Every structure is written in structure tokens, then in C-alpha cells.
Amino acid sequence: MATVAERLTALLAKQLNIDLAKIKPEDTLNSLELSEFDQVEFLMAIEEKFGVQFSESADFHSLTVSEMTDWLGANGK
């Protein structure tokens, strides 16, 4: 079974249509240059894939991939 990090980066690579190797743990959605629309779509895909619900006030756009992985590991399915 794939790890949370593998599942998250695969989803992000698919969303960005880029090679997995280009995604680094220190990257943020902003540094990966996702448009605001793409960021919302990505966060909705995470909610669906991991069975989580993001708070309206949460600023997930500035979290690193590593921080997202940790959060999903603690809160996701």
C-alpha cells in the first residue's frame, strides 16, 4: 500500500501534469505555481481521496508538501 506521501505527491503530479520527481517535500502549492482555481481543485481532490474536511479558515496553500503529508497522516483515512 502506498504511503500518505506517495499518494499525496501522485495526486499533485496528476493535478499539475508534471513528473513526480519534480515535487519536493519543501514545495508549497504557491511555489509549484498552481493557480487559485487549481489549488481549490487540488484541495477538493485531497478531501475526497483522504476523507478529510478542510476548515474554511485554514491556510493550506502555504503548507509544504511535507507538512500536508504530516497533517493527512494524522487526520486522513
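What follows draws every value from the coordinates through simple rules; no lab data is involved. The model shown is predicted, which means the values in this text are computed figures rather than measured ones. With ideal geometry, Cβ positions are generated from the backbone for all residues, glycine too; neighbour counts draw on all protein chains shown.
Placing unit charges on the Cβ atoms only, positive for Lys and Arg and negative for Asp and Glu, gives the chain a dipole magnitude near 340 debye about its Cα centre. Sorted fewest first by neighbouring Cβ atoms within 10 angstrom, T69, T28, T3 come out as T3, T28, T69. In the chain, taking the dipole from charged Cβ atoms about the Cα centre, the farthest positive-side position among S62, A13, M44 is held by A13. Estimated from helices alone, the mean residue ellipticity of the chain at 222 nm is -16000 deg cm²/dmol (sum of -39500 (n - 2.57) over DSSP H runs with n ≥ 4, per residue).
Here the Karplus curve 6.51 cos²θ - 1.76 cosθ + 1.60, taken at θ = phi - 60°, turns the phi angles of segment 29-43 into couplings of 4, 5, 5, 7, 6, 6, 5, 4, 4, 5, 5, 4, 4, 5, 5 Hz, with x standing for Gly and Pro. Rounded is the label for the chain, because the ratio a/c of its alpha-carbon gyration tensor axes (a ≥ b ≥ c) stays below 1.5.
Listed by chain and number, the lysines whose C-alpha is less than 18 Å from the C-alpha of K49, apart from same-chain residues fewer than 8 away, are K14, K77. Within the shell defined by Cβ-Cβ distances under 11 Å, the residues around F50 carry a net charge of +1, with Lys and Arg each +1 and Asp and Glu each -1.
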